[in-house]
Each structure stands twice: as structure tokens, then as C-alpha cells.
Amino acid sequence: MAKIAVASTDGIYIDEHFGRAAFFWIYERTETGYEFVEARDAVAVRQHVREHNKSDFDRLIELLSDCEAVFVNRIGQGAADYLIKKGVRVFEASGRIELVFQQALECKIWD
């Protein structure tokens, strides 16, 4: 099943900007919803991301290379465009992860 990355400070709320996220919480889509897999540390990668250029974004993309989508509270247009070109779907959202995922299932964004 596909993996989804979430920018979150606590694993409960989508509350981080893509470029400032210290952790990306990784979930896997299942037949009935989503299941938490792991938290990935983006601090080392993020320390090197100072400007919007391809090599910096590629470091973050490598961290999320097995994810088909990312949910963030905010993301700059340049970063969003770059992720989309690399085949990663980008969603800006806020609130409890479980509620945002429930809405995603109800809206059938994966169909």
C-alpha cells in the first residue's frame, strides 16, 4: 500500500510547514484507512535547506522517496511545484491527522 508523509510536531496534528518540519510522520494506506508506520527525522536534512533550489529539495524528497503524498500545514509554492514535478501529491491541511485522513477517504482523493 501507499505511504503518506505528514508534517507534525507531535504526531497528532498537522501543524508544520514543509521546510521547517523536524519530523515527518509516515502512514501507510490500508484497505480501511491509514496505519502509522514510523516518524522520520528531517532535522539533519532541514538544516541544509536554506534556499529553494533543486539539490535542497532533493534531500527532503529522498527522505520521503517512498511516499506518494505529503500533508503539511503550509508549503511554499516553489517547494510544492517541485514535489509535484517529482510525483509527490501535496496537500495543505490543518487539524487532527485522523480527522484529515477521514476527510480524505470520504472525498475519495485517492480514487
Given Cβ charges of +1 for Lys and Arg and -1 for Asp and Glu, the option among L99, Y13, I61 whose Cα lies farthest towards the positive end of the dipole of the chain is I61
Neighbour-count ranking for F36, F71, F101 (other C-beta within 10 angstrom, fewest to most) reads F36, F101, F71
Given backbone amide H placed at 1.01 Å from N, residues whose amide H is under 5 Å from that of Y13, ignoring those fewer than 5 places away on the same chain, are I97
HN-Hα couplings for the range 78-85 via Karplus (6.51, -1.76, 1.60; θ = phi - 60°), in whole Hz with x for Gly/Pro, come out as x, 5, 4, 4, 5, 4, 4, 4
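Out of all Cα-Cα pairs in the range 65-111, roughly what percent, to the nearest whole number, are more than 15 Å apart? Provide the component values of the computation, followed by the final result.
Working: 516 of 1081 pairs.
The share of Cα pairs beyond 15 Å in the range 65-111 comes to 48 percent.
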For A69, the residues 5 or more places away or on another chain with a placed amide H closer than 5 Å to its own amide H are A5, R89
Here the range 22-33 yields Karplus 3J(HN,Hα) values (6.51, -1.76, 1.60; θ = phi - 60°; whole Hz; Gly and Pro given as x) of 7, 9, 10, 8, 9, 10, 10, 6, 10, 5, 10, x
The answer for the per residue Cα convex hull volume of the chain, in Å³, is 90 Å³
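Quickly rank 4-12, 61-69, 26-34 as a protection proxy: mean count of other C-beta atoms within 10 Å, highest first. Walk me through the intermediate numbers first.
Values: 4-12: 19.3, 61-69: 16.2, 26-34: 14.7.
Order by mean packing, descending: 4-12, 61-69, 26-34.
Computed from the coordinates by the stated procedures, all read-outs in this text should not be read as laboratory data. Values in this document were obtained by computation on a predicted structure and should not be read as measured data. Neighbour counts run over all protein chains shown; Cβ positions are idealised from the backbone, glycine included.
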